[in-house]
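The values are calculated or read from the model by the stated rules, or taken from the named source; none is laboratory data. This one's a predicted model, so the numbers in the text were calculated from it and none came from an experiment. Reconstructed Cβ throughout: ideal geometry from the backbone, glycine too, with neighbour counts over all protein chains shown. For the accessible areas, the whole protein counts, side chains as well, though only heavy atoms, and no ligand, DNA or RNA atoms are used. Shrake-Rupley method; radii C 1.70, N 1.55, O 1.52, S 1.80 Å.
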Amino acid sequence: MYDEQQRPEEHGPLAGFTVGVTAARRADELGALLQRRGAAVLHAPALRIVPLSDDSELLAATKQVIDDVPDIVVATTAIGFRGWIEAADGWGLGEDLLDRLRGVELLARGPKVKGAIRAAGLTEEWSPSSESMAEVLDRLLEEGIEGRRIAIQLHGEPLPGFVEALRAGGAEVLGIPVYRWMPPEDIGPVDRLLDATVSRGLDALTFTSAPAAASLLNRAEERGLLPELLAALNHDVLPACVGPVTALPLQARGVDTVQPDRFRLGPLVQLLCQELPSRARSLPIAGHRVEIRGHAVLVDGALRPVPPAGMSLLRALSRRPGWVVARSELLRALPGAGRDEHAVETAMARLRTALGAPKLIQTVVKRGYRLALDPAADAKYADA
């Protein structure tokens, strides 16, 4: 219902914005956080996770730990560590694995991992205050690892330089692949997410794992859409990553991302709550303050959902606020409008109704339409 209006207190900071979610794990939690703040969410898991109990690689690595106990074990994620212990229990190896882990130097990447370790009846020897794998690496190199055997619980994301640095220091490294990433069984949602991104139907695209970012880029390349995807992410669709490791595949393609200070879903959502409203175009028009968001407009703080065709017209007008934009140019801005300029009149009528303030857009007879920019703002936007 496009004529419905929400007062400022009734909508969240992300109202009027559409956010894409690529996560396979904890996608519901991230989606709920975004929707609670007013965002429309488009979810397409870019990957699927192979159940631990079905993963022969994890079974083989677990047997290696039991048969040839490492000197050091690095646990990187709570869900991964718990999953490893649960999978070992399912194979009848749980007690043997815990017995071996009690005798090793056990390092935990952060507080959640510490909790998982202690819940298993184990005690970590050390955990970095920064929750950073770089700090873990520094400690290991400082204490000396020549000839030592180190097992690392992998978490589905690349650890750039980490394993190589350990091996360069003389260590033997065993990876524990607690989850294995595979392409989604149904590629349709990913393709729809890609289409929405390249058509600028999204305002932001979130990534919570490097494999998901790499998978989306690979799918775009398969479809011949990689240049369009990179252009969208570099100019119009905000790429938001939960942390620097997640951002690596995007950065390798020249895409700058935003990341929260703390690598958690909550701070990621809070970052979007700051970034997206700050990027919205705000104009003084016909005595009103108008803020143009992804699929809605704030008129004096009240949320006004706008049909897609109307948003296309409004963006075209806002690129030159106060200037007359010809019907022919507005027709080109309409998606799939064809050659009939009557489509502009129809979409314009619906836009005015949706905005709830018809005088925001003026008709200039035989020429086109213009935003009724307030006189005091005319000088500022004269050369826009």
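A few remarks follow.
- Each Lys or Arg adds one and each Asp or Glu subtracts one; over the other residues with Cβ under 15 Å from the Cβ of A165, this totals -4.
- Candidates H342, H295, H43: whichever shows maximal mean-square fluctuation once the chain is modelled as a Gaussian network with Cα springs under 10 Å: H342
- Potential extension, E275-E29 segment - 0.36 nm per residue separation minus Cα distance: 86.5 nm
- Helix axis angle, 308-318 relative to the chain longest principal axis, alpha carbon, degrees: 70 degrees
- Ranking by accessible area, most exposed first, for T363, T346, T22, T123 with a 1.4 Å probe: T123, T363, T346, T22
- Quick note on segment 120-229: its Rg to Rh ratio, both from C-alpha atoms and Rh being the Kirkwood radius, is 1.11.
- Gap separating the Cα centres of segment 302-317 and segment 179-248, nearest whole Å: 25 Å
- Across D96, D261, the residue with the most accessible area heads the list, and the full order at a 1.4 Å probe is D261, D96.
- Taking a ≥ b ≥ c as the square roots of the eigenvalues of the alpha-carbon gyration tensor, segment 247-294 is classed oblate because a/c is 1.5 or more while a/b is no larger than b/c.
- 1.4 Å probe accessible area per residue over the chain, in Å²: 46 Å²
- In the chain, a dipole from Cβ-located charges (positive for Lys and Arg, negative for Asp and Glu) runs towards its positive end, and of A40, V365, L107 it is V365 whose Cα lies farthest in that direction.
- Shape category assigned to segment 241-384 from the gyration tensor of Cα positions, a/c cut at 1.5: prolate
- Proximal charge balance of G94 [Cβ under 15 Å; K/R count +1, D/E count -1]: -1
- The chain - percent relative contact order, Cα under 8 Å, separation 6 or more: 17 percent
- Scattering from segment 185-236 was approximated by placing one identical point on each alpha carbon and applying the Debye formula without solvent; log10 I(q)/I(0) at 0.27 1/Å stands at -1.21.
- Rounded to 10°, Cα long-axis angle of helix 342-355 versus longest principal axis of the chain: 70 degrees
- Angle between the chain longest axis and helix 188-198 axis [Cα atoms, degrees, rounded to 10]: 50 degrees
- Candidates A286, A24, A212: whichever shows maximal mean-square fluctuation once the chain is modelled as a Gaussian network with Cα springs under 10 Å: A286
- Prolate/oblate/rounded label for segment 1-148 (Cα gyration tensor, a/c 1.5): prolate
- Annotation: the antiparallel percentage among DSSP beta bridges lying fully within the chain is about 45.
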